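The values are calculated or read from the model by the stated rules, or taken from the named source; none is laboratory data. All values reported here derive from a predicted model rather than from experimental measurement. For neighbour counting, all protein chains shown are included, and Cβ atoms are generated from backbone atoms with ideal geometry for every residue, glycine included. For the accessible areas, the whole protein counts, side chains as well, though only heavy atoms, and no ligand, DNA or RNA atoms are used. Shrake-Rupley method; radii C 1.70, N 1.55, O 1.52, S 1.80 Å.
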Amino acid sequence: MTGDQQPSAGRRLSRRHLLLGGAAAGIGAVGAVGIDLATKSSPPAIAEPLNGSRTVPFYGVHQAGIDTVPQSNATIIALDLNAGTDAPTLRRLMKILTSDAARLSQGESALADSEPELAVVPARLTVTFGFGPGLVAAAGGTAPTWLRPLPPFGVDRLDPAWGDGDLLLQIAADDALTVAHATRMLLKDSRSFATVRWVQTGFRQAPGSVKPGTTMRNLFGQVDGTINFVPGTPDFERLVWGAANNPSWLHGGTGFVLRRIAMDLDKWDKLDRSGREASVGRTLSNGAPLTGVHETDAADFNAKTAIGFPVIAEFSHMRRARSENPDERILRRGYNYDDTPTAGSVSNSGLLFVTFQADVDAQFVPIQRRIDELDLLNVWITPIGSAVFAIPPGCAEGSYIGDTLF
């Protein structure tokens, strides 16, 4: 192109175009560097394992669901055996139930599962079986002396609809759908052998809501279950798994008590905070004894107020449940319940107070007697259901729960 030639319109580049083009290129380069740096500084997040995939071993020396960290949802069922049920029939029933309970606890479908997709989320599912006096008699076995209804207590207002039974199923998991599906599968297994006597459902806070190891709260807002047995310790081995004076078929098992305790929340609402704490002997904020700072602080039952009254009152629940006898202790594994309110009330709620102990007569009954005689908390709580079962030991793979009895 000679000096007097001009560029065509399509090829003409103005100074403005060059400046804008350079700026755009610069922005693109900076953007690319920024994207690259962002990519390099933020490694891909590692997905945490889902809680629903967690499992608890089914087979073992002891049944699961006792020393297992309590799950957030539980359904407890009592069955009545059909008339004429004998030992061979019971053996067949327990083989079926054991097989399906073992499969479901590992995230596998039951053998005749019509909804197998519902079984793939075990969520720490456990199934614990218990035997009532009627089942032990039908099997031709010898029952422990404590396997009978608890003695009557003055505070009881027991409804037969929530008591007794031949066969117990405690089904617990961290997912309510898992519990519902397992319950349906196991009741289908047993429908030719027994009928449902009662079903009670309960709950705790869900995993991730509170730190692991946090003591549960009941619907009064109280910390419930402080200073419980720790699995694997000598106390746990002796007072939960201990042989006591139990028949040999129960060795490796334990005793089970369920008390359905109605809580009058409407009446509780009328009590001020200091009155609530005095009735229990612990602070509501963190469950510490009224003489302490932290939940696990030892209570000072000799401490007095400025005018000479005990800081922890003689009638407080904490003092009445306490014993000087170290053998009078139990493993507590409670669940809240919240049913449809009755007419004229806001709530129909309470506690499924589940305990495990080697000897119900020696461990549970003395505690309940002291509470029955004098416990201010009795103003707001009423036991309306009561049941006692023997929990047989666990079993090896290829065998079944109850093989030591039949």
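Give me the residue from the range 59-72 that is open to solvent by 60 Å² or more (accessible area, probe 1.4 Å) and not acidic (Asp, Glu) and, out of that set, farthest from Arg184 (Cα to Cα). So, considering only residues that are open to solvent by 60 Å² or more (accessible area, probe 1.4 Å) and not acidic (Asp, Glu), the one farthest from Arg184 (Cα to Cα) is Val61.
Out of all the residues in the range 352-361, is one or more surrounded by fewer than 17 Cβ atoms within 10 Å (Cβ to Cβ), assigned to a loop (DSSP other than H, G, I, E, B) and of a type outside the set (A, V, I, L, M, F, W, C)? Working first, answer last.
From the range 352-361, those surrounded by fewer than 17 Cβ atoms within 10 Å (Cβ to Cβ) are none; that's our starting set.
Scanning the range 352-361, I find no residue that is surrounded by fewer than 17 Cβ atoms within 10 Å (Cβ to Cβ), assigned to a loop (DSSP other than H, G, I, E, B) and of a type outside the set (A, V, I, L, M, F, W, C), so the answer is no.
Among the residues of the range 210-247, the ones that are open to solvent by 40 Å² or more (accessible area, probe 1.4 Å), among the hydroxyl-bearing types (Ser, Thr, Tyr) and within 14 Å of the chain's Cα centre (by Cα) come to 1 in all.
The set of residues from the range 248-272 being closer than 30 Å to Ala396 by Cα and open to solvent by 30 Å² or more (accessible area, probe 1.4 Å) comprises Ser248, His251. For the range 166-187, a residue qualifies if it is closer than 30 Å to Pro151 by Cα and either in contact with a helix residue (DSSP H, G or I) (Cβ under 8 Å, 6 or more places away or on another chain) or open to solvent by 10 Å² or more (accessible area, probe 1.4 Å) (or both), and the qualifying residues are Asp166, Leu167, Leu169, Ile171, Ala172. Scoring Asp327 on the criteria (1) within 24 Å of Gly65 (Cα to Cα); (2) part of a loop (DSSP other than H, G, I, E, B); (3) touching a Phe, Trp or Tyr at 6+ places or on another chain (Cβ under 9 Å) leaves a single failure, condition (3).
Restricting attention to the range 221-266, report how many residues are assigned to a helix (DSSP H, G or I) and small (Gly, Ala, Ser). Count: 1.
Residue count for the range 198-238 satisfying the condition of being at pLDDT below 90 and charged (D, E, K, R): 0. Taken over the range 276-288, residues that are assigned to a helix (DSSP H, G or I) and touching a helix residue (DSSP H, G or I) at 6+ places or on another chain (Cβ under 9 Å) amount to 4. Contact map, the range 73-102: residues that are within 21 Å of Ser399 (Cβ to Cβ) and open to solvent by 40 Å² or more (accessible area, probe 1.4 Å) paired with residues that are at pLDDT below 95 and small (Gly, Ala, Ser), Cβ distance under 6 Å, separation 6+ or inter-chain. No pairs are found.
Somewhere in the range 279-286, is a residue of a type in the set (Gly, Ala, Ser), more than 29 Å from Thr340 (Cα to Cα) and without any contact (Cβ under 8 Å) to a residue 24 or more places away in the chain? I'd like the intermediate steps shown before the answer.
Taking the range 279-286 and keeping what is of a type in the set (Gly, Ala, Ser), we get 279, 281, 285.
Imposing the further condition that a residue be more than 29 Å from Thr340 (Cα to Cα) reduces the set to 281.
In the following step, the residues that additionally are without any contact (Cβ under 8 Å) to a residue 24 or more places away in the chain were identified as none.
Within the range 279-286, none of the residues are of a type in the set (Gly, Ala, Ser), more than 29 Å from Thr340 (Cα to Cα) and without any contact (Cβ under 8 Å) to a residue 24 or more places away in the chain.
Hey, can you tell me all the residues within the range 110-157 that are under 26 Å from the mean Cα position of the chain (by Cα), over 24 Å from Arg197 (Cβ atoms) and part of a loop (DSSP other than H, G, I, E, B)? Residues satisfying the conditions are Asp113, Glu115, Val120, Val121, Pro122, Ala123, Arg124. Filter the range 308-351 down to the residues that are open to solvent by 50 Å² or more (accessible area, probe 1.4 Å), in contact with a helix residue (DSSP H, G or I) (Cβ under 8 Å, 6 or more places away or on another chain) and of a type in the set (Val, Ile, Thr) and list them by number. Listed by number, the list holds a single entry, Val346. As for the range 295-307, it holds no residue that is touching a helix residue (DSSP H, G or I) at 6+ places or on another chain (Cβ under 8 Å), touching a residue at least 24 places away in the same chain (Cβ under 8 Å) and assigned to a loop (DSSP other than H, G, I, E, B). Restricting to the range 364-406, name every residue that is open to solvent by less than 40 Å² (accessible area, probe 1.4 Å), part of a loop (DSSP other than H, G, I, E, B) and either more than 23 Å from Gly141 (Cα to Cα) or among the basic types (Lys, Arg) (or both). Once the filter is applied, which keeps residues that are open to solvent by less than 40 Å² (accessible area, probe 1.4 Å), part of a loop (DSSP other than H, G, I, E, B) and either more than 23 Å from Gly141 (Cα to Cα) or among the basic types (Lys, Arg) (or both), the range 364-406 yields Asp375, Trp380. Remark: pairs (first residue in the range 132-156, within 15 Å of Arg260 (Cα to Cα) and modelled with pLDDT of 95 or more; second residue open to solvent by 70 Å² or more (accessible area, probe 1.4 Å) and among the basic types (Lys, Arg); Cβ separation under 9 Å; 6+ apart in sequence or on different chains) = Phe153/Arg369.
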